[in-house]
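Okay, so here's the structure we're looking at.
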Amino acid sequence: MSSYSIWGFAPAELRNLRSLKDPHGIQRLLNDMPYHLRDTAWSPRRVLRENTSHCYEGALFAAAALRVNGYPPLIIDLEAEHDTDHVVAVYRVDGYWGAVAKSNYTGCRYREPVYRSLRELALSYFEVYFNLRGERTLRTFSRPVHMRRFDHLNWMATEKPVWFVAEYLLTISHTPLISQAQAKRLHRLDGRSFRAGCLDRAEK
């Protein structure tokens, strides 16, 4: 019999993931991991081994860790204008949505499960989602994607890049958070908020 589980993790790796217990425990591990800027698409198993990740890898890792701990592995894509998109893993407790995420920006990480809808959850990122010009850039959010659709590609444990998830996110519909008129009226972030949002930001 293989020493690997149906998800491709070794028993010791599964014990490590199960020790995180809940979404907040998963977020603590992501917070402790250094943020890296390499152009990679590591699987959750590779992230666990390397102990580092960026936004996209962190979201996939969080989805896998949520699954191991009894939650559906769900992600959503936050789409930005003049900025990079952000992927977060989402979960529900008593019908309310929360999120687990890795980010190079202070405010784009964990969300407690207090949001009545995914729209409310996505909007909670609006004020803290900005580019280096201080522009608020978040515009749309996707429906939740259940990661089981990629099980046949071994997304949780493969040694190959998992860009196929990112490519899929580009094909699905996104819902606007603000109108074009609202976007034109937006102001740039003030200096103090900008500095706070960039606290301990990884630089090239």
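The values are calculated or read from the model by the stated rules, or taken from the named source; none is laboratory data. This is a predicted model, so every value here is computed, not measured. We place every Cβ from the backbone using ideal geometry, glycine too, and count neighbours over all the protein chains shown.
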Selection status of Arg67, surrounded by fewer than 17 Cβ atoms within 10 Å (Cβ to Cβ), modelled with pLDDT of 95 or more and either out of contact with any Leu (no Cβ under 8 Å at 6 or more places or on another chain) or part of a helix (DSSP H, G or I) (or both): no
Please tell me if Val93 is loosely packed, with under 15 Cβ neighbours inside 10 Å, more than 22 Å from Arg45 (Cβ to Cβ), at pLDDT 95 or above and touching a Pro at 6+ places or on another chain (Cβ under 8 Å). yes
Check on Leu78, part of a strand (DSSP E or B) and under 25 Å from Arg192 (Cα atoms): yes
Taking region 179-204 as the search range and keeping residues that are among the hydrophobic types (A, V, I, L, M, F, W, C) and more than 22 Å from the chain's Cα centre (by Cα), which one is nearest to Glu135 (Cα to Cα)? Leu189
Within region 1-45, track down each residue that is in a helix (DSSP H, G or I), in contact (Cβ under 8 Å) with a residue 60 or more places away in the chain and buried (at least 20 other Cβ atoms within 10 Å of the Cβ). Pro23, Ile26, Gln27, Leu30, Pro44, Arg45
Qualifying positions in region 74-97 - among the hydroxyl-bearing types (Ser, Thr, Tyr) and out of contact with any strand residue (DSSP E or B) (no Cβ under 6 Å at 6 or more places or on another chain): Thr84
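Residue check: is Leu60 surrounded by 24 or more Cβ atoms within 10 Å (Cβ to Cβ) and more than 21 Å from Gly25 (Cβ to Cβ)? Working first, answer last.
Working: surrounded by 24 or more Cβ atoms within 10 Å (Cβ to Cβ): yes; more than 21 Å from Gly25 (Cβ to Cβ): no.
Taking the combined requirement at face value, the residue does not satisfy it.
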